[in-house]
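Scroll down for the structure; my scribbles are underneath it.
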Ligand code: MIG
């Protein structure tokens, strides 16, 4: 790995461990470094055979060639294909060519990545300022690029085990009665679920760290009740603090100088959900501490799971943008006889929100008292908000793992929690976006992530929600969420048949909890992606171009249906043989061996297709209403063995922070010797945690498609 420095970069906090040697940017190889009048540029000549992967949360294909990306956090709820910015900035790239290499840029302002868009053979990276670090990972082994990236930026946050259960959300369940109803529906209908989200309406007038005491009267008992049914509550936290006399967050913030400033030194003002608001200056340690401590109103009730929204930060309008628009409109009204240009007004309206000039008018102060223009470090706002939340929760509940989602993120934010993919739509086109982004986000440390299942904006059809929920089985974050005013999309929101399909789907997810949790924890430990693109494992052009399939842990390849009315799809099976599994429910499944190559598979609406790799095993446990409801004492290991297969079940208590000391490993081995199978299990417990699994059933297929069963009692 080589580290080059240009100018005098801002200390973003993204990099945990710097390499020993820092080189001057002029010495950089592979790239041409240019300083122009108003920008700094890096150029890389794209080789014909190069596949260029990365850039985390961006639209477009997994191979980023042929599009331009603008890394400048934006709250844009309309993710159409031509859009260049989403909510985060993840300038990490793997160039998969003759000699694969990777690189990471640490620069908190706007970066333009033109990946062969203007000129198809040039990757052009543009910065407004010359101040950045670039790290080049020169190892040829693609998986090692990820390892080195995580050595620099740190390991992903360890989520509680329940995070691998299902989560239901909607903007908004308006009051506690609505949430209670959702909770009782899940339990009465025997549909598994672990968490229910609370969107902005739980607050008093959108004032952060308050409760609406009418719609959520006696919040404490309401929360207790929900938790006693095995649910977690996940309240939303927005950064904007309402300007209102006697509101404690406002008063404390103003008094202690916790808010971002205008150029003049007064507190910066913009309109957002609560109305005119101030924005906490998360660049300051003091402010972060103050904010983090506010979570106490939740943690005293045992709540330590949250989502941090609107932290690009999103701005609806300011007096400046609204004033300019008003001026234009008034001008038109006052001069009725003059010719008007309606287009100009319409275009002005489009620039009311999230206006770059507003960001340029906003200032931070760092811990040394230096004034920093917001625009220059724009991409750090969400990162530092999440850091503040994470540090606060770690102090308030030090023994417990927190659960935190953020909308805006930077490199390294994965250490504190994760991102969800923001405001997608109930469009089939957004399912493939979800599939690709799971892969590109895993590459830059967001192992645990996901999109709004069923789509956020627009109305969803039952088929779309079914197919998306089926994909969701293999999405680490499995959250169904939808926007205000759209059709409901909870499992029971459609017809009975749809409800049954979703119930079976969710039960399969819960039967895979042992596998999901083991694979996630091993991924973090070994610094390898949990969701892995095919190009990472297989070196053929066909594998590198397959973007609509992915590996889920070490044993499973997922091949989702994401086309409306499709009753099947083509799949690419690299290298080895694979065991094709088609599941309707935990009780009804088919399994069949496939040779490598390209195949068409038939998949009915209620069926979930996936493949198990040759010489691999997958443990299934009994489904349950929520993670931890029952102890898992019995598992069934499904596998495909032609020689020998090994699987390690990792487990721990699931909620505490002592996972490094207290955990268990159950090592399972299946060997084929001539026509016989040999089975063995080896139990290793560490610290004070003990594996609870007592009975293991085996369902092992050989290359002739013959099923061999066996049972071991421990
Ligand atoms: O302006 O809180 O991405 O998940 O439901 C919209 C309301 C604000 C955007 C989030 C979405 C959430 C919504 N929020």
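Just so you know, all these numbers are worked out from the coordinates, no wet-lab data involved. If you're wondering where the values come from, they're calculated on a predicted model, not measured in any experiment. In this analysis, Cβ positions are derived from the backbone assuming ideal geometry, glycine residues included, and neighbour counts consider all displayed protein chains.
As a proxy for reagent exposure, 76, 225 were ordered by neighbouring Cβ count within 10 angstrom, fewest first; the result is 225, 76.
Sorting the segments 650-662, 508-520 by their residues' average number of neighbouring beta-carbon atoms within 10 angstrom, most packed first, yields 508-520, 650-662. In plain terms, the C-alpha convex hull of the range 317-364 casts an average shadow of 3.5 nm² when viewed from every direction.
For the range 625-714, the C-alpha radius of gyration sits at 1.23 times the compact-globule guess of 2.2 N^0.38 Å, with N the residue count.
Among 478, 4, a tally of other beta-carbon atoms within 10 Å of each Cβ gives an order, fewest to most, of 4, 478. May I ask for the distance between the Cα centers of the range 115-149 and the range 269-331, given as a whole number of Å? Taking the Cα centre of each part, the range 115-149 and the range 269-331 sit 33 Å apart.
A compact globular protein would have a Cα radius of gyration near 2.2 N^0.38 Å; the ratio found for the range 563-714 is 1.17.
Taking a ≥ b ≥ c as the square roots of the eigenvalues of the alpha carbon gyration tensor, the range 310-426 is prolate, as a/c is not under 1.5 and a/b beats b/c. Overall form of the range 2-153: rounded. Here a/c, set by the Cα gyration tensor axes a ≥ b ≥ c, is under 1.5.
In terms of the mean number of neighbouring beta-carbon atoms within 10 Å, the peptides 538-545, 94-101 order highest first as 94-101, 538-545. Each residue in 458, 260 was given a count of other beta-carbon atoms within 10 angstrom of its own, and listing them fewest first yields 458, 260.
Inter-part distance, the range 1-31 to the range 502-559, computed on C-alpha centroids, equals 33 Å.
Helix 176-188 axis versus longest C-alpha principal axis of the chain: approximately 10°, rounded to the nearest ten. Taking the longest Cα principal axis of the chain as reference, the axis of helix 429-443 is set at about 90 degrees.
Calculated on C-alpha atoms, the gyration radius of the chain divided by its Kirkwood radius gives an Rg/Rh of 0.97. Overall, the anisotropy analysis places the range 73-142 in the prolate class: the square-rooted eigenvalues a ≥ b ≥ c of its C-alpha gyration tensor yield a/c not less than 1.5, with a/b exceeding b/c.
In a fully extended conformation the segment linking residue 371 and residue 690 would gain 109.5 nm over its present Cα-Cα distance, using 0.36 nm per residue. For the range 667-714, the normalised intensity computed at q = 0.15, 0.17, 0.31 Å⁻¹ comes to -0.48, -0.58, -1.25 (log10 of I(q)/I(0), Debye sum over alpha carbons, equal scatterers, no solvent). Judged by the mean number of other Cβ atoms found within 10 Å, the most tightly packed of the peptides 252-258, 131-137, 434-440 leads the ranking 434-440, 131-137, 252-258.
Plainly put, the range 451-585 has a radius of gyration that is 0.98 times its Kirkwood radius, both from alpha-carbon atoms, as the Rg/Rh ratio. Summary of the geometry: the range 639-687 and the range 366-397, compared by the centres of their Cα atoms, lie 41 Å apart. Once the Cα atoms are used to define both axes, helix 513-526 deviates from the longest principal axis of the chain by about 70 degrees. For the range 401-447, the C-alpha radius of gyration sits at 1.22 times the compact-globule guess of 2.2 N^0.38 Å, with N the residue count.
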